[in-house]
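One structure is given here, and the rest of the page talks about it.
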Amino acid sequence: MSVPRSWPDLLGAALVGTARSGGNAEELLDAAAVHALRRRAGAPLVHGAQPPPPAPVDDVPTVGPAAAARAGDLLAADAVTRNAGPVRDTAGRLELLAEWLAAAAAAGRRLPPELVPALLDAGRRHHPLRPLIGPVAGPLAGWLAAQRPEWAYASPAGRPEPEVAEGRVWELGSTGQRVAYLARLRRHDPAGARRLLEAAWDGESPDDRAALLGTFRIGLSLADEPVLERALDDRRRQVRDVALDLLGRLPGSGYGRRMAARAAACVDLAGGRRIGIRPPVECDRAMRRDGVAPKPPAGVGERAWWLEEILARTPLSSWPEPEALLGRRVADEWAGTLRRGLARAAAAQRDARWAAALVDRLTADVLARGRPEDRMLLEALYDALPAQELAARAAGVLRRGLADANAVGVGHVLELCPRPWPPAVAEAVFAALAGQLGQRAAGWRVAGLCELAALRLPADQAPRAAALAGRLRTARPDDPALAPLERLAMTLKYRQEMLEELA
Amino acid sequence: MLSLAPDASAQRAARALAADKAWCEVGLSADEQLPPTVWGLCQGSGRQPYQICVDLTEPAYRCSCPSRKFPCKHTLAMLLRWAGGTVPEAPAPGWVRDWQASRAERATRAVEREKEQARNGGEGTGRAAGEKAATRRAARVAAGLAELDRWLADQIRAGLAGAAKLGYDHWDAMAARLVDAQAPGAARLVRYLAGYVGDPERLLAELGLLRLLTAGFPRLESLPPELAATLRLRVGLPVSAEEVRATPPVRDRWQVLGVRDELEDNLMVRRVWLRGARTGRPALVLSFAGPGQVFVTDLVLGTELDADLCFYPEHLRVIIARRHAPAAPITAVAARPIADAMREYAEALAADPWVERWPMVLGGVVPAKAGGRWCLADGGDGVPLDPAVGAPWRLVAAAGGRPVTVAGEWTATGLRPLSVWLGNRLVAL
């Protein structure tokens, strides 16, 4: 049998093997070589290509080459892992990227188009970047998003509509789709949404009841109270918790009045300069229904705990002004309970005035006793403070020295401070660093502060950080404790150069 | 400029140093007798300032600092200053002249040595020994290829359907015997066969191309000299740099249109693809780096270089024989339509059937999808992209749906884009 002539026949013979199909193996190989070369030279083109419509024309100029190269570095995921970058971890890199994006947007410049896909990928994984993408990517972001579902978040039309038709989502959609549907409805028709949920209430599973009721956070009003009161009697704990949370946010609710009445029975303000405390003698059914936990944590007395629980749920509006109340004397054994209860209320109700009044007193408590719960409570209070207040606190706390500052969670305060840090905070940070590093020991205390300061100090503080690092290094050439400060100086310089490139 | 840096920390250090006040003196010599040279004195940690000079035509550099990085941060920083336009023209001091003189002398000596070797083929006894070694090697290679020829036929006799069940050992054993037979080029091709067992069409094609090697080698004398030289190169017989340098050089403005690093057998291989702005001729600069080493290469994507190149026998790989001017940014890229590029590839294939990658510069193409596969489309027809590249989003975004010029490597599985020309800048892909 001779060697076949066509490529498919050659391939068939080669697959079977000439030992079985017959023919000469060498000749088959020679023929295969000729065919292979002919096929390669004839380079098969693909047909029916469908190019996308051109992207909208964008007249906004792109950033300069240096800034573009830096953005490319920040977007390259592996750059940091080699420890060659200006920051150690991904979180730091993303913060630098966010600063770059904001500065480019402020300068009215665009990212070079070839970097936009990497930016869209970064935004896919890290939500806080998303609002920053539009201004620097321009219309290209939407154009690209239309071609890749993973980038749909960046398309101007938003996410594609769910596959279930809008009218049928409520009956047929998944839990997630129904929650989204109800949330949309709450936005423009809270009453309609309430009626919809009330009608379906008894047929829903407990998990769905909790998830759906959560949407009432949108457009919450006293009209929702009956539904929430009904949910307080639900068999499932999660549903009751959602209802309690919402009732606590609802000013003028019966729940708030019940709590205020309980608090008034326990806290006697009639005695002039002195507050009389009569803690509850029992945790009755009605208290438990309103969310008071009957069992105290270890080391806390029952009655003190019930008092704290009541105070934590009492509307702060039912008390006199913060200073007027906190300025009065109270028996020593009740002072801590009173402060903690009020602090929990201030954190939950996000009341800046009460938080400001309580934070100093609680700081003293934490420094004196240092219970972990108190420190967490303090951090919750910081969350309720306005940015300017926070900056003042941060500066104040830092002035006590880093050891005390760390004990009261200065990292958390600084984390919440406006960025870049206002001058007062920057001054306090430099003073604390110089103070701490001036004493040889305990350099580890500065590592966390340096890492945060590297990203949050104003970039124009770079020369100052470099000067401080240089001065200390000259004095102590071999001290490893100075490394975090030197890293801080390097990162600040990086940021300064970055912002100069974009100016 | 910074892409010359051996690593990122040197880059950072150089950026910092360029703006520093440590520079005592810098200058650009504009002397008739010297090639353009930037020089400077930089106060480092030593007592004497470091002496740095850079010949811009190569670039070749020297710095008197003790750093083992090459080029060091002082060199890079000085180049940055020069690039920033802050280096005034000034007559070169003595030490710069000495350096250039010693370099010129070395170059002359090397040329003379080569000439001498070319005249008498080395010294008397060495020459005889060399010839004997070459004959011995040729015999071993011939024996190795004869064995490969029999082995190829065995595969076809046994049938490729069973190939998928064979482990790597099956292919590696033959490759190892070829290495022993001093035919590393053929060995490499055999080792790659293991990767094609799932694709019988590709496997048969590659076996056929190997057969071209084994069938051609015994009758090298009867082949056209160019093809014979290419075949010897593909088998793995060495071609010395002197032989390559002895070929007539081709001068052009060589544009760096693609740089690609790949790991092959524990060795990083860098392929720098050039194209002559005047001749349109493609060229390839290959360099290698072992584990932990860095590439000592100064060809930067998006620049062009006025230089003499000498080609290896397969007319693609080159040695840079002489540079006439420092590299400059590319200002225009000549591209051709898909049909012309494919015709050029067919011609290249006729001259070198074993060519694995062929550089292409395609003009007026839009990245698009055709039936689930990415391609570069020119109207309805498109050049398929290598599926291994993945979705080319960087290219898609750079093009924005408009026709662009794309440079890439054409392989048996499709095009691998390396850069895109956007009319004013070249973007790496």
Query raised in the report: Looking only at the range B:235-257, which residues are of a type in the set (A, V, I, L, M, F, W, C) and in a strand (DSSP E or B)?
Result: B:Val250, B:Trp254, B:Val256, B:Leu257
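Per-residue answers, yes or no, for (1) among the acidic types (Asp, Glu); (2) part of a loop (DSSP other than H, G, I, E, B):
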site: B:Arg260; (1), (2): no, no
site: B:Val272; (1), (2): no, no
site: B:Leu286; (1), (2): no, no
site: B:Val294; (1), (2): no, yes
site: B:Glu304; (1), (2): yes, no
site: B:Arg322; (1), (2): no, no
site: B:Thr331; (1), (2): no, yes
site: B:Ala334; (1), (2): no, yes
**Report entry** Test result for B:Arg232, within 14 Å of another protein chain (Cβ to nearest Cβ), part of a helix (DSSP H, G or I) and charged (D, E, K, R)
**Finding:** no
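The rows are residues; the columns are (1) within 30 Å of B:Leu213 (Cα to Cα); (2) more than 10 Å from chain A (Cβ to nearest Cβ); (3) in a strand (DSSP E or B).
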site	(1), (2), (3)
B:Glu347	yes, no, no
B:Val361	yes, yes, yes
B:Lys369	no, no, yes
B:Leu376	no, no, yes
B:Val383	yes, no, yes
Report summary line: Taking the range B:367-418 and keeping only residues that are of a type in the set (D, E, K, R) and closer than 22 Å to B:Arg275 by Cβ, one is left with B:Asp378, B:Asp386, B:Arg394, B:Glu409, B:Arg416
Report task. Name every residue in the range B:174-191 that is basic (Lys, Arg) and without any contact (Cβ under 8 Å) to a residue 40 or more places away in the chain, in order of residue number. Result -> B:Arg177, B:Arg191
**Report entry** Residues of the range A:247-303 that turn out to be among the acidic types (Asp, Glu) and not in a loop (DSSP other than H, G, I, E, B), as a count
**Finding:** 2
Query raised in the report: On the given criteria, is A:Glu497 at pLDDT 90 or above, within 14 Å of another protein chain (Cβ to nearest Cβ) and surrounded by fewer than 20 Cβ atoms within 10 Å (Cβ to Cβ)?
Result: yes
Report task. Search the range A:491-503 for residues that are at negative phi and pair each with any residue that is among the hydrophobic types (A, V, I, L, M, F, W, C) and outside any helix (DSSP H, G or I) when their beta-carbon atoms are under 7 Å apart and the residues are at least 6 apart or on different chains. Result -> A:Thr491/A:Val87; A:Leu492/A:Leu457; A:Leu502/A:Val63; A:Leu502/A:Ala107; A:Ala503/A:Ala107
Query raised in the report: Which is surrounded by fewer than 22 Cβ atoms within 10 Å (Cβ to Cβ) and away from chain B (no Cβ under 14 Å), of A:Ala91, A:Ala76, A:Ala68?
Result: A:Ala91
**Report entry** Single unsatisfied condition, A:Gln50 versus (1) surrounded by fewer than 21 Cβ atoms within 10 Å (Cβ to Cβ); (2) more than 8 Å from chain B (Cβ to nearest Cβ)
**Finding:** (2)
Query raised in the report: Is it the case that the range B:386-405 has a residue that's in a strand (DSSP E or B) and not β-branched (Val, Ile, Thr)?
Result: no
Query raised in the report: Across the range A:68-120, what is the number of residues that are on the phi > 0 side of the Ramachandran plot and either modelled with pLDDT of 85 or more or not in a loop (DSSP other than H, G, I, E, B) (or both)?
Result: 1
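Restricting to the range A:26-47, count the residues that are within 7 Å of another protein chain (Cβ to nearest Cβ) and in a loop (DSSP other than H, G, I, E, B).
Counting residues in the range A:26-47 that are within 7 Å of another protein chain (Cβ to nearest Cβ) and in a loop (DSSP other than H, G, I, E, B) gives 3.
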Report task. Check A:Ile275 against each of (1) touching a Leu at 6+ places or on another chain (Cβ under 7 Å); (2) without any contact (Cβ under 8 Å) to a residue 60 or more places away in the chain and name the one condition it does not meet. Result -> (2)
Query raised in the report: Quick check: anything in the range A:386-396 outside any helix (DSSP H, G or I), under 24 Å from A:Glu95 (Cβ atoms), modelled with pLDDT under 85 and within 21 Å of the chain's Cα centre (by Cα)?
Result: yes
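Sort through A:Pro280, A:Pro297, A:Pro322 and tell me the only one that's exposed (fewer than 13 other Cβ atoms within 10 Å of the Cβ) and within 29 Å of A:Arg353 (Cα to Cα).
Unique residue meeting the criteria: A:Pro297.
Does A:Leu437 meet the test of being aliphatic (A, V, I, L, M), in contact (Cβ under 8 Å) with a residue 40 or more places away in the chain and more than 14 Å from chain B (Cβ to nearest Cβ)?
yes
The values are calculated or read from the model by the stated rules, or taken from the named source; none is laboratory data. Predicted model, so just to flag it, every value in this text is computed and none were measured. No Cβ is skipped: glycine too gets one built from the backbone with ideal geometry, and neighbour counts run over all protein chains shown.
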